[in-house]
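For reference, the structure discussed in these notes is given below.
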Amino acid sequence: GVKHWKREKKDLLLFGAVLVISGLVYLLVHKRIYGSWTVYASGDHFVNGEFEVVGRNPNFFARTRRLSGLLFDQGFGLIAWAPFYFALIPSFIALAKWRVQNASILWLTAATGWSVATWVALTMHGWWWPGRQLVIILPAAIIAITLLAERKKVWRWFIYTGALSAITGWIWLAIESQTGNRTLVVDFEEMPYPIYRFIRHIFPNFRDFGTKATLLNALWITLSCMASLALFKKKDKSEVVATQVEEATDSRSEL
């Protein structure tokens, strides 16, 4: 136990040192090449300073609705393009409920990236691609969703089906863009892929956040909360087995 802890502490210190050095190199190189700390300093759009990229007069309270918009927006939300992301919130609730080892790292990673996309990013949409502002933390989301699929059979089939739909949609769009029927960045939202078109009709439009969008947003938040609460029902057999296997694995690793 003590040897394992010391070895782990040494690895963490080494990893932390590498990150610090990498960060310093990043800052120095950008200062040397761009004249400031980020590449935004080299453009002529942010003439009053690179941090103007956050916005000239940002309304942080209004940006708070992005917390759900990053998931539920009909054009740029994750779910519209990859339906399995509906499992995102339940999966992170499950991490806490099941007390998964190192779950706090996944929570912190996802919360940090989501907060930046919500309050710091100039636009939720990005106008390059859905999920652009979240791409850096999606691996953490996938890990959480995978753990949910592993332990819950109902969720497993939903996630598999949603992933298949997402892959089909990406292939559809790739073919359209390569054949000249669609221009990426400009009109990808017009893709006629049936599942995507259906989702657009039942999800809110955060670029026109009127009464309809507000009600649809509230509806999907409620459904997501209900799906999360369902996790607190009595454990099924598959979850019990998975928990026993994990506990056995953890106990062996500590030997």
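The values are calculated or read from the model by the stated rules, or taken from the named source; none is laboratory data. The structure displayed is predicted, hence computed values, not measured ones. In this analysis, Cβ positions are derived from the backbone assuming ideal geometry, glycine residues included, and neighbour counts consider all displayed protein chains.
Just to check your reading of the model, which residue among A141, A174 is free of Cβ contacts under 8 Å to residues at least 60 places away in the same chain, buried (at least 18 other Cβ atoms within 10 Å of the Cβ) and on the phi < 0 side of the Ramachandran plot? If you could, list the steps in order and put the result at the bottom.
Details: A174 fails: buried (at least 18 other Cβ atoms within 10 Å of the Cβ).
Step by step, each of A141, A174 is checked, and only A141 is free of Cβ contacts under 8 Å to residues at least 60 places away in the same chain, buried (at least 18 other Cβ atoms within 10 Å of the Cβ) and on the phi < 0 side of the Ramachandran plot.
Working carefully through the options L215, L184, find the one that is aliphatic (A, V, I, L, M), in the same structural domain as T118 (by TED's automatic domain parsing) and in contact (Cβ under 8 Å) with a residue 12 or more places away in the chain. Write out each step before concluding.
On the way: L215 fails: in contact (Cβ under 8 Å) with a residue 12 or more places away in the chain.
After ruling out the rest, the residue left standing is L184.
Might you check whether a residue that is part of a helix (DSSP H, G or I) and at pLDDT 95 or above occurs anywhere in segment 200-210?
yes
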